[in-house]
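Okay, so here's the structure we're looking at.
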Amino acid sequence: MLKVNRKISIRLAEFKFSFARSPGPGGQNVNKVNSKAVLKWSPAKCKSLPEAVRIRFIKKYANRINQEEDFVISSHRFRDQGRNVADCLNKLRDLIIQVAELPKPRKQTRPTAGSVRRRLTGKKRLSDIKKSRRTFQGDD
């Protein structure tokens with residue numbers, strides 16, 4: 001189980017892992033061992049996520065969801081396959097935690113009197129500058 005918080009936990013059976021050769025240093029072993037972990041998960045089909053969290057997740061990370069509706073995360077930080085799998089799961093947990101908390105509704109505020117005064121004086125100054133550029137057309 002991937003335990004996200006007290007209310008949300010996802011079964012590991014919902015995740016599909018694949019492995020590839022990892023870039024970066026590794027000595028003679030780097031060309032032989034598939035240590036990079038790639039996690040594929042379908043948030044649209046996940047029954048463990050509450051509906052509101054699922055909708056927010058899909059909306060926020062739509063650019064990371066592919067044509068097959070799979071969310072893809074990869075990790076190649078470590079030289080060990082198991083630690084890279086754990087790193088993928090930790091990354092996913094962090095992303096779900098960000099989406100799980102409700103966004104604060106924005107309270108509408110009024111501009112202060114000083115900010116209104118500064119804005120109007122700035123507009124007046126620009127108006128005067130543009131007015132001084134005009135050519136005078138008198139009664140000839």
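Every number in this text was worked out from the coordinates using simple rules, so none of it is lab data. A quick note: this is a predicted structure, and the numbers were derived from the prediction, not measured. Please note: Cβ atoms are built from the backbone with ideal geometry, for glycine as well, and neighbour counts cover all protein chains shown.
Here are the numbers for this structure:
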quantity	calculated
Cross-link table K60/K107; K59/K107; K3/K107; K104/K124; K7/K104, entries beyond 26 Å C-alpha to C-alpha	K3/K107; K104/K124
Span-rule helices in the chain, defined as complete DSSP H runs reaching 15 Å or more along the axis (Cα) with Kyte mean at least 0.0	81-100
Choice from D87, D128, D70 showing the highest fluctuation, given a GNM over the chain with Cα pairs closer than 10 Å	D128
Under 24 Å from the Cα of K32 - lysines, other chains or at least 8 residues apart	K16, K40
Helical mean residue ellipticity (222 nm; -39500 (n - 2.57) per DSSP H run of 4+; nearest 500) of the chain	-12000 deg cm²/dmol
Net charge of Cβ neighbours under 11 Å - reference P111; Lys, Arg +1; Asp, Glu -1	+4
Cα gyration tensor category, rounded, prolate or oblate, for the chain with a/c compared to 1.5	prolate
Region 30-64: trypsin sites (Lys or Arg not before Pro) falling in loop per DSSP and having at most 11 other Cβ within 10 Å	K32, K45, K47
Within the chain: Cβ-based charge dipole about Cα centre, in debye rounded to nearest 20 (Lys, Arg +1; Asp, Glu -1)	780 debye
